[in-house]
1. When ranked by the protection proxy of mean other Cβ atoms within 10 Å per residue, highest first, what sequence do the peptides 45-52, 144-151, 84-91, 56-63 form?
2. With a sphere of radius 13 Å drawn around the Cβ of Cys163, what net charge do the other residues whose Cβ falls strictly inside it have (Lys, Arg +1; Asp, Glu -1)?
3. Kindly state, to the nearest 0.05, the FRET efficiency for Cys149 paired with Thr82, given R0 = 41 Å and r defined as their beta-carbon distance.
4. What pairs in Lys12/Lys162; Lys49/Lys158; Lys85/Lys162 have C-alpha atoms more than 32 Å from each other?
5. Please give the length that would be gained between Leu40 and Ile7 if that part of the chain were fully extended, namely 0.36 nm times their separation in residues minus their C-alpha to C-alpha distance (nm, one decimal).
Amino acid sequence: MFFMIGITNGQKDLEHNQTEICDICGRYGRFEVFMTYTQLLLFFIPVFKWNRQYFVRMSCCGAMYTLNPEVGARIARGEDVTIQKDDLMRMSRNAADMYGASGTYGSGTGYGSSGSGGSLYEQSRRAWRDEGETAENAPAKIHHRCVICGYETDEDFKYCPKCGQRF
């Protein structure tokens with residue numbers, strides 16, 4: 001008799017509709033809320049999840065924020081919640097690089113380890129304070145998304161390389 005046990009990282013997009021004017025690019029955008037977690041699998045069936053962290057990505061420019069864990073948990077439970085500016089903390093450049101434009105978990109270090117100094121929400125708060133920057137004056141990374149074909153790039157193109165539409 002044998003057991004198949006595994007531990008893996010997962011991500012779940014949470015249903016949340018809230019349109020805002022982006023502080024970074026100044027365009028209308030939608031909060032894309034997602035949760036990351038670590039889970040124990042027994043025979044490929046999720047048994048236990050831990051290390052839940054909540055994030056918000058702006059649909060207009062891809063700016064990444066950590067979301068207050070209490071607010072994220074309420075959204076995950078399906079409650080109708082309005083995200084306030086105080087609930088968001090712009091991710092430091094190093095932490096945001098772990099997730100990339102698509103928001104999928106990357107190969108960064110320190111993700112959710114208990115010795116890393118708290119949740120990513122708290123780490124982001126400390127990183128912005130340590131860098132002497134606030135979320136309001138943080139430099140924006142150029143991110144284009146074509147409205148016709150959906151192609152995304154961080155390059156400074158004026159036209160979409162896939163379909164030719166002006167960004």
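1. 56-63, 84-91, 144-151, 45-52
2. With Lys, Arg at +1 and Asp, Glu at -1, the net is +2.
3. 0.80
4. Lys49/Lys158; Lys85/Lys162
5. 11.4 nm
Since every read-out is calculated from the coordinates, none of them should be taken as a lab result. Here the structure is a predicted model, which means the values were calculated and not measured. Using ideal geometry, Cβ is built from the backbone for each residue, glycine included, and neighbour counts are taken over all protein chains shown.
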